[in-house]
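Values quoted throughout were computed directly from the atomic coordinates according to the rules given, and no laboratory measurement underlies them. As the structure is a computational prediction, the values presented were derived from the model and not from experiment. All Cβ positions, even for glycine, are placed from backbone atoms using ideal geometry, and neighbour counts span all protein chains on display.
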Amino acid sequence: MSTENVHNVIIIGSGPAGLTAALYAARANLKPIVFEGPQPGGQLTITTEVENYPGFPNGVMGPEMMDLFRKQAQKFGADCQFKMVDGVDFSKRPFKVVVEGKDYFAQTIIVATGASAKLLNLPSEGEYMGYGVSACATCDGFFFKNQHVVVVGGGDTAMEEATYLTKHAARVTVVHRRNELRASKVMQERATKNPKIDFIWDSVVTEVLGEKDQLGHKKVNGVKIKNVKTGEVRDFKCDGLFLAIGHQPNTKLFQGKVEMDQVGYLVTRPHSTATNVPGVFAAGDVADPTYRQAVSAAGTGCMSAIDAERFLVHEGHD
């Protein structure tokens, strides 16, 4: 193994966590290499406008924001590559990362592969994603002031999202495939007692309906709802659809190689981004089932780069 193929830091994944880690690692002169994966820029690339990231008082488009993150990291020497990681070997250092058939080696790894919202897998859902269909109420609820939105789901996430949306929307309709909620008692009570929330039971959304406005912009104007017991399908008018059926961390690559919880989120040590494998760190949504915000992901991206730098110093690498 030639030393020129051994990097100080390899960052797997992009988005706010991976690209912030790249920025900090690059400024520390660690010459990080970033493999951006199947969705360069992460979940923000399917978000239209971001209004809650500090420093952008007029909002910023998700893809544009990620482009700015990337350019800033590259300015200090980060090597960002739009390539897929096929496999990893964390059993010994330097760690091995297989990228499109080629082996790369690194003294430290930062995993920032994020999480993906579970979707209904409808073609129309993809078509209107970011144009009335969302998987994040705290990101997009503000855009539905005094409107009527539908939330799909029956767990704590769905009740939390529905309750949050009542701060903005005039009415929230929860569609759930069963006739009772899976959410905890506290969350159920909070939602069922809220006068702005109503429920459609034993039902699923089978299609997102929409149109183009006068300026040619896509816009949701309803959904098709099917009763799973009777088979009846009806059109239901609404202005937006929120999917709250959970998230899946993108950690398949790391199964059996790094400690993770039952759902698949990477487990980090308290007050650290360190995993159970010395030299492997986790940043962003891949280790965060709770907050899932761009700003919190960026924060842990910064932390992971600092943790990696300190690890390298401790191990005697310049």
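General observations
- Lysines with Cα under 29 Å of LYS96, excluding same-chain neighbours fewer than 8 positions away: LYS31, LYS71, LYS75, LYS83, LYS252, LYS257
- Between 0 and 90 degrees, the angle of helix 294-314 with respect to the longest Cα principal axis of the chain falls at about 20 degrees.
- Between the beta carbons of GLN262 and ASN194, assuming R0 = 35 Å, the FRET efficiency works out to 0.70 to the nearest 0.05.
- Proximity of backbone amide H atoms, modeled 1.01 Å from N, is registered between GLY41 and SER14, GLY15 at under 5 Å, excluding neighbours fewer than 5 places apart on the same chain.
- Nearest-ten-degree value, helix 62-75 long axis tilted from longest Cα axis of the chain: 10
- Cα shape, the range 119-243, gyration tensor, a/c 1.5 rule: oblate
- Long-range tail of P(r) for the chain (Cα pairs > 38 Å, %): 22
- Spatially near lysine pairs across the range 119-243, Cα under 17 Å, sequence gap of 8 or more or different chains: 13
- Ordering GLY141, THR173, VAL223 by the projection of their Cα atoms onto the charge dipole of the range 119-243, which places +1 on the Cβ of Lys and Arg and -1 on the Cβ of Asp and Glu, puts THR173 at the extreme positive end.
- Using C-alpha pairs below 8 Å separated by at least 6 residues, the relative contact order for the range 33-185 is 17 percent.
- Projecting the Cα atoms of MET159, GLY301, GLY264 onto the dipole axis of the chain, where Lys and Arg carry +1 and Asp and Glu carry -1 at the beta carbon, places MET159 farthest toward the positive end.
- What you get for the chain, charging only the Cβ of Lys and Arg (+1) and of Asp and Glu (-1), is a dipole of about 480 debye around the Cα centre.
- By the Cβ rule of 4.7 Å, the chain holds the following cysteines without a possible disulfide partner: CYS80, CYS238, CYS302.
- Over the range 230-273, the Kirkwood radius and the radius of gyration, each from Cα atoms, give a ratio Rg/Rh of 1.29.
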